[in-house]
Structures are given as structure tokens and as C-alpha cells.
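Read-outs throughout are calculated quantities, based only on the coordinates presented, and are distinct from any laboratory measurement. Computed from a prediction, not measured in an experiment: that's the story for all the values here. Because the Cβ atoms are built from the backbone with ideal geometry, glycine has one as well, and the counts that use them run over all protein chains shown.
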Amino acid sequence: MHDWKHRGKDQNYANRFNGQAVLASGWNTITVPMKEIENGPKNRHMDLAHIRELGFFVVEQSYARVLYFDDVELLEGD
């Protein structure tokens, strides 16, 4: 996840929020506290009022899989 400051030449990994989750088959719920997102960039605070993008990716899969996302929300509070 990144905000408007993560652009141009400063698009490195440490200048955004990066999280990870191991998913099981079936429905999964992933909750990330806003403080964790705010403190995601290494040398600054994330501008939570100006989030620009949320991305998902998978690594080390032994075969193709399909992921469905439902009810993705950015909520105020902890």
C-alpha cells in the first residue's frame, strides 16, 4: 500500500507499507492495524488521507491459483 509520496524516484520497497499473510483454503480474514500502515514507510509516516494504491501479490506458488477479494476496506481507528 502506498500514498502520494511513493512516486517518481522514491518508489522503493521501504517507502511504502508491506505486509504478508499466509492464506488457507477457503475464506480468510486479514486485519492490519492503521498504526502499522501509518508506520510502514521506513523514514516517514504514511499519509493515510492520501492512499493511492493497494496491491496484492503471491510468491513461490507450485501451481496456478485463483484469489477472490471481497469487502476490502480502509477503516479509521486501530
What are the ³J(HN,Hα) values, in whole Hz, obtained from phi via the Karplus relation 6.51 cos²θ - 1.76 cosθ + 1.60 with θ = phi - 60°, for each residue of the stretch 65-70 in sequence order, with x given for Gly and Pro? 9, 10, 10, 10, 10, 9
Just tell me the longest site-free run in the chain, where the sites are GluC sites (Glu not before Pro) in a DSSP loop having at most 13 other beta-carbon atoms within 10 Å. 1-59
Can you give me the long-range amide H partners of ARG52? Hydrogens built in the peptide plane at 1.01 Å from N, cutoff under 5 Å, separation of 5 or more residues or another chain. HIS2, ASP3, TRP4
